[in-house]
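For reference, the structure is listed below as structure tokens.
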Amino acid sequence: MVGTAGLLLAVLKIGYFGPAEASHPSGGSLWQGLSLAFEAAQDVELVPAWDESPWTGGAAKVVHLAYGERVVALIGGIDGASTHLAEQVVTKALLPLVDPASTDRTVNAAFVPWVFSLMPDDRALMGALAEALASGPDRDGFVLVAATDHDSRRMKAELLAALERRRARPRRLVDFHAGRAAPAAAEASGMRAAVVLASPAESAAFVRHAPPGLRIYGGPAMGSRTFLRLAGSAAAGVRFADPLGPSDRGAAFREAYERRFGEPPDASAFHAFDAAEILLAALRRAGPDRGALREALRELSPWKGVSGLIRWDKLGRNDRPASLAEIPRR
């Protein structure tokens, strides 16, 4: 990193609260998107830290990044729960946090000026899903199946609220605990359609065991690499809330990613790349001072990312709308 006076400064560190493993089922494509962005950043070091039990060992890892490694900013986590944890640390450490993965709008609802979230929130995602359901042939004939984890519960609440605004509602509600998606598929018997809000693995288990002819809708997990791998041919025709927006840079990123990793990027990879890119741009504009870096992140909005336009609202959340996508038949 070269300072304003032309002096060579020490290599700066950016922390990443997430698994540094391409094979990780939840964070693998995030890591690959970040890796691609940081390959050319020779004057900045990406320092990962992770624990599969974020609320126990993970908290200490984030604290070490902030105070031990003395990173100038943090990228992470990999979902709503882990991002909430990181948010609590950066609020006290006065450390910029760029969030590439969480769709939980309560991450930004505490008016913490250090947090910047790239994905559209659950209200936008579930609004797109509710609009498709309320205006289509499945308006009065669908079951809502939701897991009980943090992110799925948040999406369920937003979807029900969005449906209520459109004077629509599911015919049946089914909640299930982790690992029980396949039995829950039986609850869709006799329905025209099902909405599934669950992790990628649980969503894939549901579609593999779904009754024939059932139209299936879902959350953004159904666009993930893990879902597509596990669901296989059963994913064809699934409609899901898509956080990606139009971008004239998206095709070039997709090509570079496929060339580097031998597979297409999912939405997490797109947003991870954007998180790294906008943070590196802010760092080159403002330098390592955390307060100046935070202001530079805000001033770079609107940013033309590979995932679409990134434009912060007053709480630091990208206000890009969502849309409905359909998985094609292969």
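The values are calculated or read from the model by the stated rules, or taken from the named source; none is laboratory data. Just so you know, these numbers come straight off a predicted model, no measurement behind them. Here the Cβ is made from the backbone with ideal geometry for all residues, glycine too, and neighbour counts use every protein chain on show. Surface areas here come from the heavy atoms of the whole protein model, side chains and all, with no ligands, DNA or RNA. Shrake-Rupley method; radii C 1.70, N 1.55, O 1.52, S 1.80 Å.
Key figures
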read-out: Local net charge near TRP50, Cβ-Cβ under 10 Å (Lys/Arg +1, Asp/Glu -1); value: -2
read-out: Proximal lysines to LYS304, defined as alpha-carbon separation beneath 29 angstrom and excluding residues fewer than eight positions away on the same chain; value: LYS13, LYS314
read-out: Furthest towards positive pole of dipole, ALA37, HIS84, ALA10, structure part region 1-100, Cβ charges; value: ALA10
read-out: Cα gyration tensor category, rounded, prolate or oblate, for region 198-330 with a/c compared to 1.5; value: prolate
read-out: Shape of the chain, Cα gyration tensor, a/c cut at 1.5; value: prolate
read-out: Cα gyration tensor shape for region 100-209, rounded if a/c is under 1.5, else prolate or oblate; value: oblate
read-out: Amide hydrogen neighbours beyond the local backbone of GLY308, cut-off 5 Å, H modeled; value: GLY245
read-out: Considering only the chain, percent of DSSP beta bridges that pair antiparallel, nearest 5; value: 20
read-out: Net charge dipole size for region 174-227 [Lys, Arg +1 and Asp, Glu -1 on Cβ; Debye, nearest 20]; value: 180
read-out: Per-residue HN-Hα couplings for region 272-279 [Karplus 6.51, -1.76, 1.60; θ = phi - 60°; Hz; x = Gly/Pro]; value: 5, 4, 5, 4, 5, 5, 5, 5
read-out: Crossing angle, helix 290-299 versus the chain [Cα axis fit, 0-90 degrees, rounded to tens]; value: 50
read-out: Average accessible surface area per residue within region 1-106, 1.4 Å rolling probe, Å²; value: 41
read-out: For the chain, size of Cβ-based charge dipole, Lys and Arg +1, Asp and Glu -1, in debye; value: 800
read-out: Of all accessible heavy-atom area on the chain, the percent that carbon and sulfur account for (1.4 Å); value: 53
read-out: Where region 135-199 is the region considered: accessible area per residue in Å², 1.4 Å probe; value: 49
